[in-house]
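Have a look at the structure below, then the notes.
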Amino acid sequence: MDFKNGKVTIVGAGEIGSAAAYGMLIRKSASDIVLANRNAEKARVKAFDMSHCIPHIDGVSIKGGGLEESEDSQVLVLTVGVLPKKDGNRTDVLARNVKIYEELVPYLAELSPNAVMV
């Protein structure tokens with residue numbers, strides 16, 4: 001698959017999702033990069049900030065918004081999840097994260113049925 005001329009959506013506009021989007025932007029990993037989040041405004045603001053790099057990077061665009069912005073993506077990078085509390089561990093939040101993914105994955109698959117999910 002050639003993603004350089006396609007759409008990659010990073011789902012989750014937290015620290016990891018934002019870092020992934022920025023890395024893909026500066027490496028020109030795809031022609032269209034979307035930062036999607038259940039809080040659409042958070043994703044829009046972060047993508048807007050990153051868009052200031054675009055005058056120096058040809059052939060790539062970035063935008064942010066709600067999960068519906070992921071429609072027709074070739075690749076979906078899932079970075080969502082509940083973080084453990086201080087001094088906690090990931091098993092403390094495993095059940096909550098499983099529930100998030102059980103709801104999220106079918107919805108994203110409906111929007112982008114041919115996408116590869118990472």
field: Sites His52 and Asn5 - FRET efficiency at Förster radius 30 Å, r taken between beta-carbons, to 0.05
entry: 0.80
- request: Would you mind working out the magnitude of the charge dipole of region 7-117 relative to its Cα centre, with +1 at each Lys and Arg C-beta and -1 at each Asp and Glu C-beta, to the nearest 20 Debye?
  value: 360 debye
Amide hydrogen neighbours beyond the local backbone of Ser61, cut-off 5 Å, H modeled: Asp32, Ile33
message: Per residue of region 40-57, what does 6.51 cos²θ - 1.76 cosθ + 1.60 with θ = phi - 60° give for ³J(HN,Hα)? Whole Hz please, x for Gly and Pro, Karplus curve as stated.
response: 4, 5, 4, 5, 4, 5, 5, 5, 4, 4, 5, 5, 5, 7, 4, x, 9, 10
field: Stretchable slack from Ile26 to Val116, in nm (0.36 nm times residue separation minus alpha-carbon distance)
entry: 30.3 nm
- request: Rounded to whole Hz and in sequence order, give me ³J(HN,Hα) for region 91-104 from the Karplus expression 6.51 cos²θ - 1.76 cosθ + 1.60, θ = phi - 60°, writing x for Gly and Pro.
  value: 5, 5, 10, 4, 4, 5, 5, 4, 4, 4, 5, 4, 8, 6
message: Tell me the relative contact order for region 7-117 as a rounded percent, counting alpha carbon contacts under 8 Å between residues six or more apart.
response: 29 percent
task: Please work out how much length the chain gains when fully extended from Glu71 to Arg90, using 0.36 nm per residue of separation minus the C-alpha to C-alpha distance, in nm with one decimal.
output: 3.9 nm
- request: Choose one of Ile57, Gly14, Tyr101: the residue whose Cα lies farthest towards the positive end of the charge dipole of the chain (beta-carbon charges +1 Lys, Arg; -1 Asp, Glu; about the Cα centre).
  value: Gly14
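All of the numbers you see were taken from the coordinates with simple rules; none came from a lab. This structure is a prediction, so every number in the text was calculated from the model and none was measured. With ideal geometry, Cβ positions are generated from the backbone for all residues, glycine too; neighbour counts draw on all protein chains shown.
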